[in-house]
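Structure, as structure tokens:
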């Protein structure tokens, strides 16, 4: 059981370049999300999805796009990378149960992105 | 909006002793859930413990327990018999009906042999 798989593990981009961070889960989770982790800032929610075809913005969505065409995949796109997007990115998934967020998140191993 | 405050950026404990990590939160939700996650140097995020806000009984998981004070909006984590493997960054988080899980900034725990 692979869980949540993120690729790549490391990436270096130049300012203005675009790229897609991949995230896939094999647990049939409805909920998927992207966080960024910066020193002293904890984890901040970028975008999330509660099912295929449904996405919504989190706390820091600017500069990022997402789509959810399948239950399994939730890619994060950086359209024009900026040095402020240098961070560690985590994808996470969970079940959706009831009307409240109550299921523990399953995290991928993270992607360390550097934008020069 | 939800907010989570971890007032201790760093803590240290001697091996085999007990340490408590603080967390306070704010939410307008009446139905919400609280979590503690651990992030060791490997960077992997690991669930430590979960608490349902509607339950008065404090959650426990082996050496880990919480002190949940709903009126004070406090959710501290107690680690008993600390082990070297407990050294990690610990994050408190709150989730509610908007499906947004909000994390605190973390507390770095050092365990001294």
Residues that are closer than 30 Å to residue B:10 by Cα, in contact with a strand residue (DSSP E or B) (Cβ under 6 Å, 6 or more places away or on another chain) and away from chain B (no Cβ under 14 Å): does segment A:27-43 have at least one?
no
Within segment B:65-92, work out how many residues are surrounded by fewer than 18 Cβ atoms within 10 Å (Cβ to Cβ) and touching a helix residue (DSSP H, G or I) at 6+ places or on another chain (Cβ under 9 Å).
0
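To keep it simple, each residue is scored yes or no on (1) within 11 Å of chain A (Cβ to nearest Cβ); (2) assigned to a strand (DSSP E or B); (3) modelled with pLDDT of 95 or more.
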| position | (1), (2), (3) |
| --- | --- |
| B:25 | no, yes, yes |
| B:36 | yes, yes, yes |
| B:41 | no, no, no |
| B:54 | yes, no, no |
| B:57 | no, no, no |
| B:67 | no, yes, yes |
| B:75 | no, yes, yes |
| B:81 | no, no, yes |
| B:98 | yes, no, no |
Residue that is farthest from residue A:113 (Cα to Cα), among those in segment A:50-72 that are within 14 Å of chain B (Cβ to nearest Cβ) and outside any strand (DSSP E or B):
A:68
All but one of (1) over 24 Å from residue A:106 (Cβ atoms); (2) without any contact (Cβ under 8 Å) to a residue 40 or more places away in the chain hold for residue B:84; state the number of the condition that does not hold.
(2)
Looking across segment B:3-19 at residues that are surrounded by fewer than 16 Cβ atoms within 10 Å (Cβ to Cβ) and assigned to a strand (DSSP E or B), the single one that is modelled with the lowest pLDDT is B:3
Take residue A:6 and tell me if it is within 14 Å of chain B (Cβ to nearest Cβ), on the phi < 0 side of the Ramachandran plot and part of a strand (DSSP E or B).
yes
Tally the residues that are assigned to a strand (DSSP E or B) and closer than 15 Å to residue A:92 by Cα, restricting the search to segment A:15-41.
12
Segment A:73-105, residues that are within 10 Å of another protein chain (Cβ to nearest Cβ), in contact with a strand residue (DSSP E or B) (Cβ under 6 Å, 6 or more places away or on another chain) and surrounded by fewer than 19 Cβ atoms within 10 Å (Cβ to Cβ)
A:88, A:96
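The values are calculated or read from the model by the stated rules, or taken from the named source; none is laboratory data. For clarity, every value in this text was computed on a predicted model and none was experimentally measured. All Cβ positions, glycine included, derive from the backbone under ideal geometry; neighbour counts span all protein chains shown.
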